[in-house]
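Peer 1: Sharing a structure, written as structure tokens. Questions coming.
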Amino acid sequence: MSEESIIRIQVEGPGDQSQNLEIPDGINLSLMEVLKASEYDILATCGGMALCATSHIQVLEGMDKLEERSDAEMDMLDTLPNADDDSRLACQIKVSPAIDGLRIRVFENN
Ligand code: FES
């Protein structure tokens, strides 16, 4: 596999944990699905429809790599007391080479 075909994402949290995920290009998953597959405790009750907010993450680095928030994502983030300018819903982020190098933080009680 060549270098270009791996997407690297650094995940901080929950707590002091930190992990580098290496995701093969072409898997066609959302970041929420990748996090779940990597054993992160994300309920994703809505199945990735931007309706439950349990896939809330904080973007530490690389917000400019991501597509703009949709209205649905923004509305959902607005309901969260701990959401900020760097908040996103992981289910609304498509994993692709464009987001290689992203750094995020996941929360404990999603
Ligand atoms: S999984 Fe429900 S909002 Fe992302």
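The values are calculated or read from the model by the stated rules, or taken from the named source; none is laboratory data. Keep in mind the model is a prediction, meaning the values are calculated, not measured. Please note: Cβ atoms are built from the backbone with ideal geometry, for glycine as well, and neighbour counts cover all protein chains shown. Just so you know, the surface numbers come from the protein's heavy atoms only, side chains and all, with ligands and any DNA or RNA stripped out. Shrake-Rupley method; radii C 1.70, N 1.55, O 1.52, S 1.80 Å.
Peer 1: Roughly speaking, to the nearest percent, how much of the chain's 1.4 Å accessible area is carbon and sulfur? Display every interim value, and only then the final one.
Peer 2: Details: 2860 of 6350 Å².
Result for the chain: 45 percent of the exposed heavy-atom area is carbon or sulfur.
Peer 1: At 4 °C and a viscosity of 1.567 mPa s, what translational diffusion coefficient does Stokes-Einstein give for the chain, taking Rh as the Kirkwood radius over Cα pairs? Give it in µm²/s as a whole number.
Peer 2: The estimated diffusion coefficient comes to 93 µm²/s.
Peer 1: So, by mean Cβ neighbours within 10 angstrom, what's the order for 55-64, 20-29, 34-43 with the highest one leading? Walk me through the numbers before you get to the answer.
Peer 2: Numbers: 55-64: 17.9, 20-29: 13.0, 34-43: 16.4.
Ranked from most to least packed, the peptides come out as 55-64, 34-43, 20-29.
Peer 1: Shifting gears a bit: For the chain, give the magnitude of the charge dipole about the Cα centre (Cβ charges: +1 Lys/Arg, -1 Asp/Glu; no others), in debye to the nearest 20. Write out the running numbers ahead of the final one.
Peer 2: Numbers: 8 positive and 22 negative charges, 47 e Å.
Using Cβ point charges on Lys, Arg, Asp and Glu, the chain gives about 220 debye.
Peer 1: While we're looking at this one, here's another question. With every protein chain left in place, what is the accessible area per residue of the chain in square angstrom, probe 1.4 Å?
Peer 2: Working: 6350 Å² over 110 residues.
In whole numbers, the chain has 58 Å² accessible per residue.
Peer 1: Among 14, 34, 89, which residue has its Cα positioned farthest towards the positive end of the charge dipole of the chain, with +1 placed on the Cβ of Lys and Arg, -1 on the Cβ of Asp and Glu, and the dipole taken about the Cα centre?
Peer 2: 34
Peer 1: Also: If you check each cysteine of the chain for another cysteine whose beta-carbon is under 4.7 Å away, which ones come up empty?
Peer 2: Unpaired cysteines in the chain: 91.
Peer 1: Counting only the heavy atoms of the protein chains, how much of residue 30 is accessible to a 1.4 Å probe, in Å² to the nearest 10?
Peer 2: Per-residue accessible area (residue 30): approximately 20 Å².
Peer 1: Excluding residue 83 itself, calculate the net charge of residues whose Cβ lies under 12 Å from the Cβ of residue 83, where each Lys or Arg counts +1 and each Asp or Glu counts -1. If you can, show how the numbers build up before the last one.
Peer 2: Values: positive: 69, 88; negative: 73, 75, 78, 84, 85, 86.
Within the 12 Å Cβ shell, the charges total -4.
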